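Notes to accompany the following structure.
The values are calculated or read from the model by the stated rules, or taken from the named source; none is laboratory data. What you see is a predicted model, and the numbers here were worked out from it, not measured in a lab. Every residue, glycine as well, gets a Cβ built from its backbone with ideal geometry; the counts of neighbours run over all protein chains shown. Only protein heavy atoms, including side chains, enter the accessible area calculation; ligands, DNA and RNA are left aside. Shrake-Rupley method; radii C 1.70, N 1.55, O 1.52, S 1.80 Å.
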Amino acid sequence: MRYLIDGNPLPLARTRMGRGSRRLYDSQKDIKIVQGICLQNQHGEKPLYIGPLQLDVTFYLKMPKLSARKIAERNNMYHFYKPDLSNLIKLVEDIANEIIYKDDAQISYITSRKVYHENPRTEFSIIPLAKDDKYEI
């Protein structure tokens with residue numbers, strides 16, 4: 001099944017320590033809630049995936065302010081600046097946890113890419129893998 005999260009992809013931020021206290025807090029809590037509701041609406045009443053899974057994700061990142069000619073040239077080109085691909089993946093895994101699958105530890109295989117696009121968004125699909133499949137070297 002394919003899922004879509006609108007807006008410029010965000011990397012997972014580390015937990016932060018509050019000022020004047022020793023309490024940790026999640027600075028992205030509100031973002032995770034909103035995007036989680038979006039995923040819940042797309043997943044609907046389907047049961048959570050169980051067993052090994054494949055995650056195939058594409059991050060379409062916002063274009064910098066450029067001329068129309070340069071935008072056309074750069075559309076769908078690979079993005080190789082910050083944010084890190086691994087941190088972008090971690091946020092998707094966290095948001096989908098307990099909404100699409102029981103635990104993000106179920107993800108056994110990931111294909112991912114980040115590209116420039118005029119319409120920033122995150123698109124991903126979850127593909128169940130057979131429990132008895134073996135990885136071929």
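Some points to look at:
- Evaluating 6.51 cos²θ - 1.76 cosθ + 1.60 at θ = phi - 60° for every residue in region 105-112, the Karplus couplings come out as 5, 5, 6, 9, 8, 10, 10, 8 Hz, glycine and proline recorded as x.
- Within a Gaussian network of the chain (alpha carbon springs, distance under 10 Å), most fluctuating of ALA96, ALA13, ALA68: ALA68
- Ranked by solvent-accessible area (1.4 Å probe, protein heavy atoms only, all chains present), the residues LEU85, LEU53 order from largest to smallest as LEU85, LEU53.
- Residue with peak Gaussian network fluctuation, the chain [Cα springs, cutoff 10 Å], from LEU66, LEU88, LEU12: LEU66
- Here the simple spin-label model places points 7 Å from the Cα toward Cβ, and for ASN119 and LYS131 these points are separated by 4.0 nm.
- Global geometry of region 1-65, whether rounded, prolate or oblate, following the gyration tensor of its Cα atoms and the 1.5 cut on a/c: oblate
- Simple rule: put +1 on each Lys or Arg Cβ and -1 on each Asp or Glu Cβ in region 54-126, find the dipole, and look at ALA96, TYR116, VAL57; the Cα lying farthest toward the positive end is TYR116.
- Taking ARG113, ARG22, ARG121 as the candidate residues, the one with maximal mean-square fluctuation in a Gaussian network model of the chain, Cα springs under 10 Å, is ARG22.
- Sorting 100-110, 25-35, 40-50 by their mean Cβ neighbour count within 10 Å, with the most densely packed peptide first, gives 100-110, 25-35, 40-50.
- Ligands, DNA and RNA are left out, and with a 1.4 angstrom probe the accessible area of the chain is 69 Å² per residue.
- The chain, helix-only ellipticity at 222 nm - DSSP H runs n ≥ 4, -39,500 (n - 2.57), divided by all residues, nearest 500: -7500 deg cm²/dmol
- Charged side chains reduced to their Cβ positions (Lys and Arg at +1, Asp and Glu at -1) give region 30-72 a dipole of some 440 debye around its Cα centre.
- Accessible area of the chain belonging to carbon and sulfur atoms, whole % at 1.4 Å probe: 53 percent
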